[in-house]
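Since the structure comes first, as C-alpha cells, the remarks are kept for the end.
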Amino acid sequence: MSRTPNFDTKIKTILDTTKPGERTCAMTGEKWFMDEEEISWFKRFNVPSSPYSPKVRLWHLAAFFTVYQWWWNKNFDTGEPVLTYVHPATGIRVLPDKDWFARDFSETNLSFSSNRPFFEMFRELQLKVPLNATRNAVEPENSITTVSRGDKNSYFVSACTAKDSVYVLDTDNADRCVDCKGIDNLTECYRVANSVRLFNCKFALESVDCSDCDFIFDCRNCECCFGATNQRNKKFVFFNQQLTEEEWNKKVTEVNLGNYFILEETFKKFVDLVNQQGVWPENFNIQSENSTGDYLIRCGNCVRSTYGLDSFDNYYCYGIFGGARGNAFSCVFPAENCYQTGPASQTANSKFCGSMVRSDDCEYCFNCYDCTHCFGCVGLRNKKYSIFNQEYSEDEYWKKIDELKCSMLERGEYGRPLPMAFTFSYFPESGPVVYLGADLNDWDIIGAPRFEVGADGAFGEIRMTGKTIKKSDEVPADIENLTDDWIGQPIEDSEAGRPFAFLKAEVEFYRKHHIAPPRKHFSVRIRDLLFMSNFGTFEKKNCEKCGVGMLVGINRTFREKHAYCYDCYLKYLEERN
C-alpha cells in the first residue's frame with residue numbers, strides 16, 4: 001500500500017511520458033542523450049528526470065565532499081577559532097566533534113509548510129545547525145585530522161589511517177609519509193598518488209610493489225628506478241634507459257633533489273616523460289566485469305563510476321565501497337539503493353542527501369546519523385518521522401510527506417539535488433574541481449558560493465599577529481640551508497595567497513630524504529597531486545594502437561595522454577618487459 005498516494009499518481013504520470021532523447025542541461029547548456037537506461041533509474045527511484053546533465057549531477061554530489069580543505073572557522077557556541085574543513089565564508093559554523101555529538105539538534109526545527117519554497121526553508125535550517133568540525137570516525141591520537149579512521153602522530157591528514165605522517169589524503173596504512181594521496185601501504189614516501197605497497201619512493205603515480213624508486217609511472221615490482229614508465233620487474237632504470245648498477249648510482253647522485261630548482265626541473269622532465277613515453281590503459285580497473293569507469297576493483301555492472309571496491313549494479317557513482325549496490329549518482333561506503341546521495345556510510349534507500357551515516361529512507365537530509373524516515377532534516381541523530389527536524393507520528397508524517405512532495409513536484413523542486421550554494425567548501429579546492437574536472441569558469445555557472453580564499457578569518461590571522469610573514473621565494477633553495485628557525489615561521493605562498501608554516505616532523509623528513517623544502521601551501525600541493533589522477537569525468541577516445549573506441553578518464557596534468565585499450569596495453573607491456 002502506498003504511503004504517498006497523491007505523489008505516486010503524479011510521478012507515475014510524469015515518468016510514463018518521459019521518453020529517450022537529446023536533452024540540454026539547465027545549468028551548463030551542454031547536450032546529452034537521455035537513454036532508456038537512465039530513465040530506468042528514475043523509475044527505480046520514483047523521481048522525475050533531471051534537468052541537469054549527468055556530469056553536473058555528479059558535481060552537485062561532490063560539492064559536499066570534505067576533500068582536503070583546512071580553514072579556521074568559529075565555534076558555534078563560543079565564537080572561539082576551530083580548525084575544520086568548513087570555510088567560514090559559507091555561513092556554516094562548526095562545533096568540535098565531542099561537543100556536536102553531545103547536542104540534540106531536534107530542538108532547532110521549522111514548522112512544516114507546503115506553500116513555502118522547500119530549499120528556502122532547508123537553507124534557513126542548515127544555517128542554524130552547526131557541522132561537526134572534523135568528522136573523525138575514529139578518535140585520532142596526537143594528530144590533526146579530518147575524517148580520521150585512526151591516525152597517530154600525524155598532522156593535516158584526512159580520511160586516513162596514518163602514522164607519523166604529514167599532509168596525506170585518502171590513504172590506509174600511511175607510515176612516515178608526506179604529501180601523499182594514495183590507496184594502501186605507503187612507507188617513507190613523498191608525493192605519491194594512487195599507489196599500493198611502496199617503500200621509500202618519491203613522485204610515484206599509479207604504481208605497485210616498488211621500493212627506492214623516484215619519478216615512476218605505472219610501474220610494478222621495481223626497485224632502484226629513477227624516471228620510469230610502464231616498467232615491470234626492473235632495477236636500475238634511469239629515464240627509461242636500462243643501466244648497470246654503477247652507471248645508475250652515478251646518474252642518480254648527480255641529481256640533487258635537495259635543491260628546489262633542480263627538483264622542479266626534474267619533476268617537469270618526469271611529466272614530459274609520462275606525456276611522451278608513458279602509455280595509459282583505458283582505465284585502471286581490476287577484475288571488474290561489465291563495468292565502465294576507472295579505479296574499480298572487483299566490481300560488476302557499474303556504469304561510468306570511479307573508485308570502487310567489491311560493489312555492484314551502480315550508475316554514475318564516485319566512491320562505492322564495501323558491497324555498495326543499486327546506487328546512482330552517489331558516494332557510498334557501503335550503502336544500497338541510494339540516489340544523488342553522499343557521502344554516505346551504512347545508509348540505504350535515501351535520496352538527495354549529503355553526509356549521512358547509518359540512516360534509512362531519508363530524503364533531502366544533511367549530516368544526520370542513525371535516522372529513519374526523515375525529510376528536510378539537518379544534524380539529527382537517532383530520530384525518525386521528522387520533517388525540518390520536527391518529529392511527527394507515523395501517520396501524520398506520511399500525510400505531510402505526501403503533501404510536501406506534491407507541492408515540491410509542482411514547483412519543480414523535487415528531483416533536484418541540494419544546491420551547490422549550500423556547500424561548506426571553497427570552490428577552487430572542492431570536489432567538483434579536484435575530483436570531477438570542473439574549472440574556475442564554472443564557478444558562477446553552477447551556483448557555488450563565491451568569496452576570497454581568506455574571507456572571514458579563514459587563515460586564522462590571530463595566529464600571525466605580531467609575526468613577520470616571509471614570502472615563499474625567501475625559503476632556502478637548498479635543504480642544507482633550511483635551519484630550525486624556519487619551523488613555525490609564517491610563509492605566504494605568493495601564487496596562492498595563502499600562509500603556511502613548516503612543521504618539525506615535515507622538516508625532519510625533508511632532511512632525512514634530502515628533499516628541497518617546497519614553496520607552495522600544502523593544500524595546493526595535494527590539489528596538484530590530485531590533478532595527476534584521472535577525473536571521474538570521461539571522454540570517448542580511440543585506442544592509439546588499434547583504433548577501437550573506448551571510454552577514458554580525463555586528466556588535467558596529462559591532457560593528451562597516450563591511451564591504449566586494455567588488450568593493446570597488455571601486449572605493449574609484454575613486448576616492453
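The values are calculated or read from the model by the stated rules, or taken from the named source; none is laboratory data. The shown structure was predicted, so the numbers you read here are calculated from the model rather than taken from an experiment. Please note: Cβ atoms are built from the backbone with ideal geometry, for glycine as well, and neighbour counts cover all protein chains shown.
Does ASP97 meet the test of being closer than 23 Å to GLY376 by Cα, of a type in the set (D, E, K, R) and under 25 Å from the mean Cα position of the chain (by Cα)?
Yes, satisfied.
Output the residues belonging to the range 244-270 that are outside any loop (DSSP other than H, G, I, E, B) and touching a Leu at 6+ places or on another chain (Cβ under 6 Å).
Result: LEU263, single match.
State all residues of the range 352-374 that are at negative phi and either part of a strand (DSSP E or B) or out of contact with any strand residue (DSSP E or B) (no Cβ under 8 Å at 6 or more places or on another chain) (or both); if no residue qualifies, say none.
Matches in the range 352-374: GLY354, MET356, VAL357, ASP360, CYS362, GLU363, PHE366, TYR369, THR372, CYS374.
Going through the range 154-169 one residue at a time, which ones are surrounded by 24 or more Cβ atoms within 10 Å (Cβ to Cβ) and either of a type in the set (Asp, Glu) or part of a strand (DSSP E or B) (or both)?
Listed by number, the residues that qualify are VAL157, SER158, ALA162, VAL166, TYR167, VAL168, LEU169.
Which of the numbered conditions does ALA563 fail, given that it passes all the others? Conditions: (1) loosely packed, with under 14 Cβ neighbours inside 10 Å; (2) in contact with an Asp or Glu (Cβ under 9 Å, 6 or more places away or on another chain).
Going through (1) loosely packed, with under 14 Cβ neighbours inside 10 Å; (2) in contact with an Asp or Glu (Cβ under 9 Å, 6 or more places away or on another chain) one by one, ALA563 breaks only (1).
Please go through the range 416-443 and give me each residue that is in a helix (DSSP H, G or I), acidic (Asp, Glu) and under 17 Å from the mean Cα position of the chain (by Cα), ordered by number.
Of everything in the range 416-443, just one residue is in a helix (DSSP H, G or I), acidic (Asp, Glu) and under 17 Å from the mean Cα position of the chain (by Cα), namely GLU429.
Quick one: how many residues across the range 189-222 are outside any strand (DSSP E or B), among the hydroxyl-bearing types (Ser, Thr, Tyr) and out of contact with any Gly (no Cβ under 7 Å at 6 or more places or on another chain)?
Of the residues in the range 189-222, 1 are outside any strand (DSSP E or B), among the hydroxyl-bearing types (Ser, Thr, Tyr) and out of contact with any Gly (no Cβ under 7 Å at 6 or more places or on another chain).
Scan the range 317-340 for residues that are among the aromatic types (Phe, Trp, Tyr) and buried (at least 24 other Cβ atoms within 10 Å of the Cβ) and jot them down.
TYR318, PHE329, TYR339
Which of the residues that make up the range 520-569 are over 22 Å from GLY308 (Cα atoms) and among the aliphatic types (A, V, I, L, M)?
Correct list: VAL524, VAL548.
For the range 271-351, which strands (runs of 3 or more DSSP E) that fit wholly inside it have 2 or more residues that are under 19 Å from the mean Cα position of the chain (by Cα) and over 23 Å from LEU570 (Cα atoms)?
Output list reads 318-321.
Being at pLDDT 95 or above and of a type in the set (Asp, Glu) is the filter here; which residues of the range 182-216 pass it?
Correct list: GLU188, GLU206, ASP209, ASP212, ASP214.
Which condition breaks for GLU480 when tested against (1) out of contact with any helix residue (DSSP H, G or I) (no Cβ under 6 Å at 6 or more places or on another chain); (2) outside any helix (DSSP H, G or I)?
Only one criterion in (1) out of contact with any helix residue (DSSP H, G or I) (no Cβ under 6 Å at 6 or more places or on another chain); (2) outside any helix (DSSP H, G or I) is unmet by GLU480, namely (2).
Out of all the residues in the range 440-452, is one or more β-branched (Val, Ile, Thr) and under 30 Å from CYS365 (Cβ atoms)?
yes
Grab the helices (runs of 4 or more DSSP H) fully contained in the range 1-99, keeping just those with 3 or more residues being within 23 Å of SER355 (Cβ to Cβ).
Ranges flagged: 54-62.
Test PHE422 against the criterion of being under 29 Å from GLU30 (Cβ atoms) and not charged (D, E, K, R), and give yes or no.
yes
Six or more apart or on different chains, Cβ atoms under 7 Å: show the pairs whose first residue is in the range 191-214 and within 16 Å of PHE531 (Cβ to Cβ) and of a type in the set (Val, Ile, Thr) and whose second is outside any strand (DSSP E or B) and at pLDDT below 95.
Listed pairs, sorted by first residue: VAL192/GLY182.
Collect the residues in the range 401-427 that are farther than 22 Å from LYS10 by Cβ and surrounded by fewer than 19 Cβ atoms within 10 Å (Cβ to Cβ), keeping them in residue-number order.
Answer for the range 401-427, where residues must be farther than 22 Å from LYS10 by Cβ and surrounded by fewer than 19 Cβ atoms within 10 Å (Cβ to Cβ): PRO419, ALA421.
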